[in-house]
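What follows is one structure encoded as structure tokens, with my remarks underneath.
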Amino acid sequence: MKSATAPHVSVIFRDEDFSNQTFRFEEFEDCLFENCNFSSCDFTRTVFLNCRFENCDLSSSRFQQSNLEGVIFDGCRLIGIDFTMISRVRLDMTFNDSELEMCNFTGLSLEETSFERCRIDECEFVETILKKAKFRETDLTGTFFRQCDLTEADFRGAKNYRFNPWENRMTNARFSTPEVLSFLSPLQILVD
């Protein structure tokens, strides 16, 4: 599938091992990727339009100047992905039941992005626009949010988030107890 001249439209890729391959300047539209290994792949300037990844491993892959529009990651593993390298034009992604570890989302506009029932471990959200983003039932261990816009973001059922509410815009954001009490930790007070 290297250097294809025609776009891949409505193709199903199932149980494939594409690890360490290069997919530069490829186009995928309305494609389904099931149980595929894309670890350490190079997707430079690749376009994914309305594609779905189910139970795929995309760890350590590079998406430099790639377009991800209407892309769903369901049950996927994404470790060490620098999302800041992705094209910011029409960026639209959804993450469900996925594992994201050591990923960088700094400076991105991810309004209304869903990160539901995910494990987001040691990821960075700095100056990220997350208005109306959904983090429901998500484990955010070691992930930090700095100078983010979390207006109307939904953290209900999320756990292990530790961020300073005074460093982020959080108007009408939604949280659940007891996890919301973590916002008291910068105050260095004791709650009985």
Using the structure shown, decide if residue 77 is of a type outside the set (Gly, Ala, Ser) and either over 12 Å from the mean Cα position of the chain (by Cα) or at pLDDT below 95 (or both).
no
Can you pull out every residue in the range 117-141 that is outside any strand (DSSP E or B) and out of contact with any Asp or Glu (no Cβ under 9 Å at 6 or more places or on another chain)?
none
The conditions are (1) open to solvent by 40 Å² or more (accessible area, probe 1.4 Å); (2) under 24 Å from residue 34 (Cα atoms); (3) of a type in the set (D, E, K, R), and residue 121 fails exactly one of them. Which is it?
(1)
Consider residue 129 carefully, then state whether it is among the aliphatic types (A, V, I, L, M) and surrounded by fewer than 20 Cβ atoms within 10 Å (Cβ to Cβ).
yes
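With the structure loaded, tell me whether residue 77 is surrounded by fewer than 17 Cβ atoms within 10 Å (Cβ to Cβ) and among the basic types (Lys, Arg) or whether it fails that test.
Details: surrounded by fewer than 17 Cβ atoms within 10 Å (Cβ to Cβ): no; among the basic types (Lys, Arg): yes.
So residue 77 does not fit the description; no.
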From the list 144, 105, which residue is aromatic (Phe, Trp, Tyr), touching an Asp or Glu at 6+ places or on another chain (Cβ under 9 Å) and at pLDDT 95 or above?
105
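Just give me the residues in the range 147-164 being under 13 Å from residue 174 (Cβ atoms) and modelled with pLDDT of 95 or more, in sequence order.
In the first step, residues of the range 147-164 are kept if they are under 13 Å from residue 174 (Cβ atoms); the result is 150-158, 161.
If the condition is that a residue be under 13 Å from residue 174 (Cβ atoms) and modelled with pLDDT of 95 or more, then 150, 151, 152, 153, 154, 155, 156, 157, 158 are the ones that fit.
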Considering only residues that are over 15 Å from residue 111 (Cβ atoms), part of a loop (DSSP other than H, G, I, E, B) and open to solvent by 60 Å² or more (accessible area, probe 1.4 Å), which ones fall in the range 145-170?
147, 156, 162
Could we say that residue 89 is modelled with pLDDT under 95, within 24 Å of residue 63 (Cβ to Cβ) and surrounded by fewer than 20 Cβ atoms within 10 Å (Cβ to Cβ) here?
yes
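The values are calculated or read from the model by the stated rules, or taken from the named source; none is laboratory data. Since the model is a prediction, treat every value here as computed from it, not as a measurement. Cβ atoms come from the backbone with ideal geometry, glycine included; neighbour counts cover every protein chain shown. All accessible areas refer to the heavy atoms of the entire protein, side chains included, with ligands and DNA or RNA removed. Shrake-Rupley method; radii C 1.70, N 1.55, O 1.52, S 1.80 Å.
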